[in-house]
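What follows is a structure written as structure tokens; I'll ask about it next.
What follows draws every value from the coordinates through simple rules; no lab data is involved. Just so it is clear, the model here is predicted, and its values are computed rather than measured. Cβ placement follows ideal geometry from the backbone for every residue including glycine, while neighbour counts extend to all protein chains displayed.
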Amino acid sequence: MLSKRILLAFDGTDEARRALTYASELAVALKAEIGVVSVVPIHAGRIGMDPWDDRTIHSEELMEARQTLIEAGLTPTLYEPAGVIADEIVRTAQEAKYDHIVLGSRHAGIATRVLEGSVSEAVAHRATITVTIVH
């Protein structure tokens with residue numbers, strides 16, 4: 001089944017930019033709709049849950065991806081949830097009925113993956129739709 005609705009997870013890194021290029025070309029080739037999600041990660045603070053990553057940065061990342069997609073002739077839908085990154089990517093894809101997730105891989109070392117986890121691996125394991133990890 002060809003993708004009709006693609007969700008790009010974007011965080012402004014070089015890996016995410018490669019995923020942006022791939023998702024853009026795929027969406028154009030398939031005449032698919034495209035969305036972009038940039039998750040503001042949160043961690044447990046002393047009083048409730050506090051965002052520990054600047055929301056302004058995520059908004060700028062979304063605008064960067066939006067501009068690239070518009071230049072490719074696409075009209076993206078933008079999402080900026082806060083939460084656990086992999087969970088929010090999968091939740092956004094499910095709730096908005098996307099059939100394909102595209103994201104980059106940072107090639108984290110074993111220590112980083114053990115301590116922080118791998119977003120791309122978590123998304124690939126949790127999603128019930130096609131996931132493309134761009135290296």
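Quick one: length gained pulling E25 to M63 fully straight, 0.36 nm per residue minus the C-alpha distance?
Stretched fully, the E25-M63 segment lengthens by 11.9 nm.
I need the calculated FRET efficiency for the pair T75 and L2, taking r as the beta carbon distance and R₀ as 22 Å, to the nearest 0.05.
Computed FRET efficiency for T75 and L2 comes out at 0.70.
What FRET efficiency comes out for the pair T128/D54, r = Cβ-Cβ distance, R0 = 25 Å, nearest 0.05?
Given R0 = 25 Å and the Cβ-Cβ separation, E is 0.20.
Take the Cβ-Cβ distance between D14 and E95 as r, set R0 to 35 Å, and report the resulting FRET efficiency rounded to the nearest 0.05.
Working from the Cβ atoms, E equals 0.75.
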